[in-house]
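Please read the structure below before turning to the comments.
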2 protein chains.
Amino acid sequence: MFKFKVVAESTQTRARAGVIQTAHGPVETPVFMPVGTLGSVKSITPEELVACGAQIILGNTYHLYLRPGRDVISRFHGLHRFMNWHHPILTDSGGFQVFSLAKLARITPEGVAFQSHIDGSSHLLTPETSIEIQGWLDADIMMCLDQCTAYPASFEEARKADDITFEWARRCKGAWTSTGDEHQALFGIVQGGVHPELRRTSAQRLADLDFSGYALGGLSVGEPLDRMLDTAGAALPLLPREKPKYIMGVGRPEDLIDLVCLGADMFDCVLPTRNARNGQLFTARGTITITNAWYRQDPDPPDKACTCYTCRNYSLAYLRHLFLARELLAYRLNTIHNVHYFVHFVRQLREAIMADEFESFKKRFYENREI
Amino acid sequence: MFKFKVVAESTQTRARAGVIQTAHGPVETPVFMPVGTLGSVKSITPEELVACGAQIILGNTYHLYLRPGRDVISRFHGLHRFMNWHHPILTDSGGFQVFSLAKLARITPEGVAFQSHIDGSSHLLTPETSIEIQGWLDADIMMCLDQCTAYPASFEEARKADDITFEWARRCKGAWTSTGDEHQALFGIVQGGVHPELRRTSAQRLADLDFSGYALGGLSVGEPLDRMLDTAGAALPLLPREKPKYIMGVGRPEDLIDLVCLGADMFDCVLPTRNARNGQLFTARGTITITNAWYRQDPDPPDKACTCYTCRNYSLAYLRHLFLARELLAYRLNTIHNVHYFVHFVRQLREAIMADEFESFKKRFYENREI
């Protein structure tokens with residue numbers, strides 16, 4: 001059921017536009033996927049996500065496995081009906097949170113043993129259970145369990161983590177194949193830290209396993225921008241052209257431009273949602289800090305050209321007041337704006353590719369920056 | 001511009017239905033007014049308020065005077081445009097919060113001196129400044145500055161507070177009259193604790209001052225239900241029939257039934273919004289505590305007969321999960337349901353009065369209770 005088709009390629013860069021078909025409808029790429037950690041993109045509804053232009057969202061396997069858990073989600077035949085989002089969902093494997101959030105994570109021959117960050121209960125996440133969980137979540141796109149290294153990781157550390165990741169990818173593929181159910185797609189994940197040679201090996205051997213799509217994990221974990229781009233640039237060309245390529249957990253609008261240039265198709269990041277809750281608004285002029293006294297009486301919206309609900313209805317002065325007063329509505333109005341900004345920004349990248357005007361789009365993007 | 005007309009009267013009780021005309025449109029009574037303390041009914045938008053059936057909301061003078069303050073609100077010519085709510089607004093006088101929330105409140109010959117609960121800055125609230133603030137807030141209905149007594153207050157304490165309240169009502173009327181601007185209405189407030197004889201005197205002398213409408217303050221402050229009803233029942237019949245009668249800060253659905261029976265037209269209370277944020281949902285069957293394990297896998301909405309956005313789209317299981325995970329969406333979905341419940345409940349009281357079926361409505365209300 002899962003399909004991907006490249007519909008346009010930039011003649012100036014490696015950027016391309018495509019369409020992914022999933023069990024819950026199409027996704028036009030390049031695409032930005034808002035993060036819905038616990039079955040909710042924090043503070044906003046599915047209708048607001050659609051109004052922001054979102055086509056696909058992320059769910060976090062680790063979080064949803066612990067809360068609300070299998071019995072609850074299964075009662076609704078998966079995450080879509082549980083959270084009232086009837087469009088595509090991609091779930092991560094749970095690996096990233098197990099290593100970053102859970103307590104006492106320990107790699108065993110079977111997988112990773114860990115303790116819940118909520119109640120300390122003991123769990124074992126294996127390639128097979130990760131696929132099983134993503135199965136009952138009914139994700140349209142599942143991710144292979146991987147081990148993400150911190151920055152900096154030595155060549156040896158990164159190699160070891162990628163070897164484990166590759167072994168787990170094999171087992172995930174096996175578990176997925178044995179279900180015989182193809183309405184869920186499965187993506188493999190390239191690791192290898194910031195070592196381009198490791199990333200190349202990782203991409204090549206993963207490509208041989210023939211996944212529905214491929215992701216680069218372990219980027220934007222603190223490395224300098226040029227190293228991130230070198231690393232991504234080493235791996236991306238070795239992944240099959242006819243498969244979607246997803247850069248996990250990245251990033252700022254300027255990073256998205258550079259990565260799309262290198263051939264990336266899919267992105268997710270907590271930046272728009274988290275920063276919204278911290279009072280940071282993304283605009284074409286740059287990032288606005290809503291607490292700035294400059295906006296105290298400002299009757300203008302965050303971005304006059306923006307068509308989001310927030311910009312159509314509210315002033316900087318009101319948003320500043322709500323945020324300073326810690327009104328719940330502040331987080332929501334900021335989130336709507338930022339999600340709209342990211343989704344539309346990547347949508348504009350797509351349109352620039354379709355029109356083969358990527359370089360002039362990029363030039364205009366930097367010219368518009370003021371803040 | 002302000003007008004009130006009684007359009008139906010119950011033959012079984014003192015209940016009546018009416019229509020208030022304000023500068024920002026009509027309000028059908030009896031009416032429940034959601035509380036928008038700081039220029040936002042916590043967590044929901046003006047569009048959601050309208051969808052919940054709200055016709056008029058409350059703003060808090062004390063809060064808005066301190067934050068965002070006159071310069072900001074005046075830049076928007078009042079609260080309506082600042083918060084994007086273009087329907088009627090009633091503001092309180094600031095008195096209640098000065099006595100309950102501010103620091104070092106002290107009655108002086110001019111009014112009340114107090115320190116801000118936010119930054120400790122010194123302020124003086126007088127009958128004249130209260131009217132002035134409510135003027136730049138552009139409230140459709142302003143309230144006279146009053147002194148609310150705690151429960152229990154002795155006869156002597158309550159008498160003293162009502163004397164001050166009456167003196168301030170005179171001065172508020174003077175300040176209002178001197179503006180010569182009649183697009184804002186002014187309501188007088190009856191005090192007198194739980195002493196029916198004091199309430200009667202208070203109502204009578206206040207009625208002689210000829211306000212646009214009248215309120216009972218200082219109820220639902222901890223007194224037993226029967227004393228509240230005795231007190232309200234003593235004062236309400238002495239207020240002019242042709243003016244709207246507003247019971248401030250009350251209350252539970254069952255209290256609203258009893259007070260409408262006594263002739264009350266308007267209500268406000270933080271119960272639906274505050275309890276929503278504490279995981280309490282009001283339904284025809286009674287109050288649901290969303291954390292109850294009973295709802296863990298429940299696919300039903302809080303109230304199957306309810307037409308609010310929350311009940312049309314979400315399950316108890318999902319609402320329980322969001323609330324336990326402290327997701328921001330939880331507070332909003334709960335608030336939408338509760339505001340819808342209160343507004344519609346009072347709307348149903350109105351319809352029962354119009355149909356002259358108040359007693360059977362009341363009977364059915366208690367029969368439906370299960371929880």
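The values are calculated or read from the model by the stated rules, or taken from the named source; none is laboratory data. Quick caveat, the model's predicted, so the values are computed rather than measured. Glycine also receives a Cβ, built like all others from the backbone with ideal geometry; neighbour counts cover every protein chain displayed. Remember, those area values only see protein heavy atoms, side chains included, never the ligands or the DNA or RNA. Shrake-Rupley method; radii C 1.70, N 1.55, O 1.52, S 1.80 Å.
The mean count of C-beta atoms from other chains within 10 Å of the C-beta of residues in A:292-300, rounded to a whole number, is 2.
The other copies place their B:V270 label points at 3.1 nm from this one, listed shortest first, where each point is 7 Å from Cα along Cα→Cβ. Computed from Cα positions, the angle between helix A:196-208 and the longest principal axis of chain A comes to roughly 70 degrees.
Sorted into 5 angstrom bins from 0, the C-alpha pair distances of segment A:19-90 split as 4, 16, 28, 26, 17, 8, 2 percent.
Compare the peptides B:213-220, B:33-40 by average per-residue count of other Cβ atoms within 10 angstrom and give them in order, highest first. Walk me through the numbers before you get to the answer.
Values: B:213-220: 26.0, B:33-40: 23.2.
Highest mean packing first, the order is B:213-220, B:33-40.
What separates the A:R75 label point from its copies, with the point 7 Å along Cα to Cβ, is 4.8 nm, written shortest first.
For a quick protection proxy, order the peptides B:87-93, A:267-273, A:50-56 by their average other-Cβ count within 10 Å, most packed first.
On the way: B:87-93: 26.1, A:267-273: 22.3, A:50-56: 20.3.
Sorting B:87-93, A:267-273, A:50-56 by mean packing, highest first, produces B:87-93, A:267-273, A:50-56.
If r is the Cβ-Cβ distance from A:K5 to B:H117 and R0 is 45 Å, what FRET efficiency results, to the nearest 0.05? The computed FRET efficiency comes out at 0.15. Taking the chain by itself as reference, segment A:56-88 contains these residues with an accessible-area loss of 10 Å² or more in the full protein complex (1.4 Å probe, heavy atoms): A:R67, A:P68, A:D71, A:V72, A:R75, A:F76, A:F82, A:M83, A:N84.
Ellipsoid semi-axes for segment B:210-261, based on the Cα gyration tensor and the rule √(5λ), read 19, 11, 10 Å when sorted largest first. Heavy atoms only, probe 1.4 Å: what % of the accessible area of segment A:269-365 goes to carbon and sulfur, would you let me know? Roughly 48 percent of what the probe reaches on segment A:269-365 is carbon or sulfur.
When chains A and B come together, the accessible area they lose, probed at 1.4 Å and totalled over both chains, is close to 3500 Å².
Based on the Cα gyration tensor of segment A:240-318, what are the three equivalent ellipsoid semi-axes, each the root of five times an eigenvalue, rounded to whole Å and given largest first? For segment A:240-318, the ellipsoid semi-axes come out as 31, 12, 10 Å.
State the percentage of accessible surface on segment B:166-266 attributable to carbon and sulfur atoms; use a 1.4 Å probe and exclude ligands, DNA and RNA. Working shown, then result.
Working: 1620 of 3340 Å².
Ligands and nucleic acids excluded, carbon and sulfur give 49 percent.
The distance between label points at A:R170 and B:E167 comes to 9.1 nm (points 7 Å beyond Cα on the Cα→Cβ vector). Taking the inverse of the mean reciprocal distance over all distinct Cα pairs, the Kirkwood hydrodynamic radius of chain B comes to 21.0 Å.
Please compute the per residue accessible area over the protein assembly as shown with all protein chains in place, 1.4 Å probe, rounded to a whole number of Å².
Solvent-accessible surface per residue comes out at 37 Å².
Placing a label point 7 Å from the Cα of A:S360 along the Cα-to-Cβ direction, the residues of segment A:1-29 with a backbone N closer than 14 Å are A:11-12.
Return the average number of partner chain Cβ atoms within 10 angstrom of each residue Cβ along peptide B:38-44.
On the way: counts 7, 6, 9, 2, 3, 7, 3.
For peptide B:38-44, the averaged partner shielding equals 5.
Residues whose amide H lies under 5 Å from that of B:T29, counting only those 5 or more places away or on a different chain, are B:G18, B:V19, B:I20; hydrogens are built 1.01 Å from N in the peptide plane.
The trypsin sites (Lys or Arg not before Pro) of segment A:290-371 that DSSP puts in a loop, and whose beta carbon has at most 15 other beta carbons within 10 Å, are A:K304, A:R326, A:R369.
How shielded is B:312-321 by partner chains, expressed as the average number of their Cβ atoms within 10 Å of its Cβ atoms? Write down the numbers at each step before the final one.
On the way: counts 1, 5, 4, 7, 0, 7, 10, 0, 2, 11.
What the average comes to for B:312-321 is 5.
For a straight C-alpha distance cut-off of 27 angstrom, the lysines reachable from A:K3 (same-chain residues fewer than eight places away being disregarded) are A:K173, A:K243, A:K245. Largest accessible area first, the listed residues B:L319, A:L124 line up as A:L124, B:L319 when surface is computed with a 1.4 Å probe on the assembled protein chains. Summing charges over neighbours of A:G251, with a neighbour being any other residue whose Cβ is under 11 Å away from its Cβ, gives -3 when K and R count +1 and D and E count -1.
Sites count as exposed loop sites when they are GluC sites (Glu not before Pro), lie in a DSSP loop, and have at most 11 other Cβ atoms within 10 angstrom; the longest stretch of chain B without one is B:1-241.
Report which residues of segment B:322-351 become buried by 40 Å² or more of accessible surface when going from the isolated chain to the complete set of protein chains (1.4 Å probe; DNA, RNA and ligands ignored). So the qualifying set is B:E327, B:L328, B:L329, B:R332. Classify the protein assembly as shown as rounded, prolate or oblate from the Cα gyration tensor: take a ≥ b ≥ c as the square roots of its eigenvalues, call it rounded if a/c is under 1.5, otherwise prolate when a/b beats b/c and oblate if not. Prolate, because a/c is 1.5 or more and a/b exceeds b/c. Comment: the Cα-to-Cβ extended label point of A:E351, at 7 Å, lies 4.6 nm from its counterparts in the other copies, nearest first.
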